[in-house]
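The values are calculated or read from the model by the stated rules, or taken from the named source; none is laboratory data. For clarity, every value in this text was computed on a predicted model and none was experimentally measured. A quick note on method: Cβ atoms are made from the backbone with ideal geometry, for glycine too, and the neighbour counts reach across all protein chains shown. Just the protein is used for accessible areas: all its heavy atoms, side chains included, with ligands, DNA and RNA removed. Shrake-Rupley method; radii C 1.70, N 1.55, O 1.52, S 1.80 Å.
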Amino acid sequence: MKIVTIIGARPQIIKAAALSRAIVSSYSHEIEEYIVHTGQHYDDNMSEVFFRELGIPKPDKNLNVGSGLHGKQTAAMIEGIEEILMDVKPDYLVLYGDTNSTLAGAVAASKLLIPIVHIEAGLRSFNKTMPEEINRIVCDHSSAIMFSPTETGIRNLKNEGFSIGVEMPYTSDHAGVFHCGDVMYDNSLFFADLAEKESRVLDEHKLKSKAFILATIHRNQNTDEPVRLQFLFNALANTAIAENIDVILPLHPRTQKMLEQNNIQIPEKAKSLLQIIPPVSFLDMIMLEKHSSLIMTDSGGVQKEAFFFKKPAIILRPETEWVEIVEHGTAVLAAKNEADLVQQAIQYLHHPPTEFPEIFGDGKAAEFICQTMLDNYKALQ
Ligand code: UD1
Ligand code: UDP
């Protein structure tokens, strides 16, 4: 069975590591993987570092599409992916998450009648002003097999008309929908010990275990509105000052650019506590997550990793697709005003949650996905 995998943005490279690892270790005699990198992310610390560190096979092809307006970027990806699919003729196209690279893959493959497998299916924010919400919906509704990491994802798909438990073979008009756990959880379990051995990030930034806040910000709703961006930086700074605690912020290049462009200021008293650093590698990120006291983030992946490593999270957004972590009380949606947001952080620092049930699977989602794709491939022969 031959699959083409599309990656492009940082979290997809990381997610794809789990499936590639399962293929190499358990399915190499049955599954051949051809990896296409769209080039959506291209800085060394947004792309190449993950291939070096996580042992992911190098992409067979990089489309080098780079940054740009949604239409131009997505169109260039569709064109490149279409050509490759016509040449490679895979049995499945495997797509991750909800980026423009995901959308481009879904459009290209569905027109060529190549069955789509969507990993991280069914997630919804119910906010169609997010580009990702449109990308997810298009991808799910073009897929032959969908793998959802959560029960909520399955419920969302049911509500959109998909039937659960239908018989094989699956096609785009008769899709298979599975709740299988989260490939990101597979990765966090797999790399946690290696991170302890290899990462020097705590020493490099003079951070003491369980005595700092980890923060990330990159969503366009936060970065592209200067008042909102300044509000978030004020809240981080004022939490640091109020609790005299270090805050480390590995900054996405999008946010870095907007900080400079809008001349966003950090309050003087927080400058010795708030460290803004370039994006870090995955092992460094895991290390920061494992040893933090609190995570403040607008990232989908990072809010879940907070849960995997039993850390409270403040989600710097008005809604989340990962509602389970909020329902369990281990995460909250950020308050709208600064004083309340600082108070949320102080509350979690002083009263961290202790119950983190296993809701993201058993660390073997990737194996389940490989086996299900293979079973369906055989059913289609
Ligand atoms: C994209 C995804 C988002 C995901 C995020 C993960 C879409 C619509 N959005 O957002 O869902 O959460 O990736 O990180 O697909 N840039 C660089 N170097 C890079 C990459 C980006 O400087 O290697 C800068 C460029 O100025 C670019 C901007 O970041 O214009 C945004 O990059 P883009 O890939 O368009 O969107 P993200 O915000 O990264
Ligand atoms: N990540 C990383 N280095 C960083 C920031 C994030 O390795 O400096 C990892 C993080 O651990 C998670 C993934 O990138 O696995 C999340 O990606 P991102 O926040 O860019 O996107 P999202 O998940 O919101 O789509």
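Restricting segment 47-58 to residues that are open to solvent by less than 70 Å² (accessible area, probe 1.4 Å) and in a loop (DSSP other than H, G, I, E, B), the residue that is nearest to Glu198 (Cα to Cα) is Gly55. Checking every residue in segment 129-143 against the condition of being open to solvent by 60 Å² or more (accessible area, probe 1.4 Å), within 16 Å of ligand 1 (Cβ to nearest atom) and either hydroxyl-bearing (Ser, Thr, Tyr) or within 25 Å of Ile325 (Cα to Cα) (or both) gives at least one match. Suppose the filter is open to solvent by 60 Å² or more (accessible area, probe 1.4 Å) and not in a loop (DSSP other than H, G, I, E, B); does Ala366 pass it? Criteria not met by Ala366. Within segment 118-126, can one find any residue that is over 18 Å from Ile35 (Cβ atoms), in contact with a Phe, Trp or Tyr (Cβ under 8 Å, 6 or more places away or on another chain), assigned to a loop (DSSP other than H, G, I, E, B) and open to solvent by less than 40 Å² (accessible area, probe 1.4 Å)? Checking segment 118-126: at least one residue is over 18 Å from Ile35 (Cβ atoms), in contact with a Phe, Trp or Tyr (Cβ under 8 Å, 6 or more places away or on another chain), assigned to a loop (DSSP other than H, G, I, E, B) and open to solvent by less than 40 Å² (accessible area, probe 1.4 Å).
Tally the residues that are in contact with a strand residue (DSSP E or B) (Cβ under 8 Å, 6 or more places away or on another chain), of a type in the set (Ser, Thr, Tyr) and assigned to a helix (DSSP H, G or I), restricting the search to segment 61-111. Residues meeting the conditions: 3. Which one is surrounded by the fewest Cβ atoms within 10 Å (Cβ to Cβ) among residues in segment 5-46 that are within 16 Å of ligand 1 (Cβ to nearest atom) and charged (D, E, K, R)? Taking the candidates together, the pick is Asp44. Condition (residue is part of a helix (DSSP H, G or I) and either within 16 Å of ligand 1 (Cβ to nearest atom) or on the phi < 0 side of the Ramachandran plot (or both)) applied to segment 260-267: is it met by at least one residue? So far as segment 260-267 goes, yes, one or more of its residues are part of a helix (DSSP H, G or I) and either within 16 Å of ligand 1 (Cβ to nearest atom) or on the phi < 0 side of the Ramachandran plot (or both).
For segment 221-236, the count of residues that are touching a residue at least 24 places away in the same chain (Cβ under 8 Å), of a type outside the set (Lys, Arg), open to solvent by 30 Å² or more (accessible area, probe 1.4 Å) and within 11 Å of ligand 2 (Cβ to nearest atom) is zero. Can we say Lys61 is open to solvent by 60 Å² or more (accessible area, probe 1.4 Å) and touching a helix residue (DSSP H, G or I) at 6+ places or on another chain (Cβ under 7 Å)? Considered against the rule, which asks whether it is open to solvent by 60 Å² or more (accessible area, probe 1.4 Å) and touching a helix residue (DSSP H, G or I) at 6+ places or on another chain (Cβ under 7 Å), Lys61 comes out as yes.
Table: residues versus (1) part of a loop (DSSP other than H, G, I, E, B); (2) touching a helix residue (DSSP H, G or I) at 6+ places or on another chain (Cβ under 8 Å); (3) more than 16 Å from ligand 1 (Cβ to nearest atom); (4) at pLDDT 95 or above.
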| residue | (1), (2), (3), (4) |
| --- | --- |
| Asn222 | no, yes, no, yes |
| Leu232 | no, yes, no, yes |
| Ile241 | no, yes, yes, yes |
| Thr255 | no, yes, no, yes |
| Met258 | no, yes, no, yes |
| Lys269 | no, yes, yes, no |
| Pro279 | yes, yes, no, yes |
| Ile286 | no, yes, yes, yes |
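Scanning segment 101-141 for residues that are closer than 22 Å to Arg219 by Cα and of a type in the set (Val, Ile, Thr) returns Thr102, Ile119, Thr129, Ile134, Ile137, Val138. Residues that are over 27 Å from Thr99 (Cβ atoms), more than 16 Å from ligand 2 (Cβ to nearest atom) and open to solvent by less than 40 Å² (accessible area, probe 1.4 Å) within segment 247-266 comprise just one, Ile266.
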